[in-house]
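None of the figures in this text is laboratory data; all of them are computed from the coordinates on show. Keep in mind that this is a model prediction, so the values were computed, not measured. Cβ sites come from the backbone with ideal geometry, for glycine too, and all protein chains shown count toward neighbours.
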């Protein structure tokens with residue numbers, strides 16, 4: 001993705017996504033298959049809202065994919081509260097075929113894990129589904145991420161066991177990110193860099209390292 005993407009609106013469809021990110025035809029095809037699976041399963045369970053599903057490429061796929069540019073050497077990822085597969089399934093699709101690639105999809109709800117497992121199997125992804133709460137698993141990974149799971153103060157507690165194994169946190173946060181960051185600092189000590197989001201100029205991706213309880 002180019003620096004100009006910071007000023008341009010996110011791509012609205014598969015063709016625009018391919019142009020903006022350099023995704024291959026095979027990757028775009030897998031993302032389209034994932035979209036079809038999500039639409040099908042969403043009829044039976046509320047994974048995402050219909051309104052957000054209509055904005056699949058800009059709101060979900062592009063928002064998730066931008067993480068790869070922030071950790072280009074990362075092979076292993078943990079997605080806490082993976083839910084409908086954002087960002088974890090998107091990352092697994094884009095990392096498919098890369099040596100050593102592995103994405104751990106962690107979610108506490110069994111029904112969501114059934115959907116994630118179906119997506120992983122249907123698309124042949126380098127991913128593993130964990131039906132567990134984030135704070136109950138300690139997974140070794142280069143990056144621990146999460147999107148729309150909990151306020152940062154709680155999210156850091158969920159991610160702490162895996163962060164303690166040496167990974168860096170890249171957490172997608174919306175427009176209230178500054179308030180969440182200030183609240184988190186009352187409970188935790190950590191280094192944080194607020195990186196621009198390419199899908200929403202008012203959002204940020206919080207890069208977190210050195211997490212410890214505040215004294």
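Across the stretch 204-215, the number of residues qualifying as under 18 Å from the mean Cα position of the chain (by Cα) and buried (at least 17 other Cβ atoms within 10 Å of the Cβ) comes to 5. With the structure loaded, tell me whether residue 57 is surrounded by 19 or more Cβ atoms within 10 Å (Cβ to Cβ) and in contact with a strand residue (DSSP E or B) (Cβ under 7 Å, 6 or more places away or on another chain) or whether it fails that test. Against the criterion (surrounded by 19 or more Cβ atoms within 10 Å (Cβ to Cβ) and in contact with a strand residue (DSSP E or B) (Cβ under 7 Å, 6 or more places away or on another chain)), residue 57 does not qualify.
Let's see how each residue does on (1) at positive phi; (2) crowded, with 23+ Cβ neighbours inside 10 Å:
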| position | (1), (2) |
| --- | --- |
| 120 | no, no |
| 125 | no, yes |
| 128 | no, no |
| 142 | no, no |
| 149 | no, no |
| 158 | no, no |
| 161 | no, no |
| 166 | yes, no |
| 174 | no, no |
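Return the residues of the stretch 189-202 that are surrounded by 13 or more Cβ atoms within 10 Å (Cβ to Cβ), under 11 Å from residue 173 (Cα atoms) and without any contact (Cβ under 8 Å) to a residue 40 or more places away in the chain; say none if nothing qualifies. 194 - this is the single residue of the stretch 189-202 that is surrounded by 13 or more Cβ atoms within 10 Å (Cβ to Cβ), under 11 Å from residue 173 (Cα atoms) and without any contact (Cβ under 8 Å) to a residue 40 or more places away in the chain.
Hey, residue 205 hits all of (1) in contact (Cβ under 8 Å) with a residue 40 or more places away in the chain; (2) assigned to a loop (DSSP other than H, G, I, E, B) but one; which does it fall short on? Only one criterion is unmet by residue 205, namely (2). Is the stretch 39-52 home to any residue that is within 17 Å of the chain's Cα centre (by Cα), over 17 Å from residue 118 (Cα atoms) and part of a helix (DSSP H, G or I)? Yes: one or more hits.
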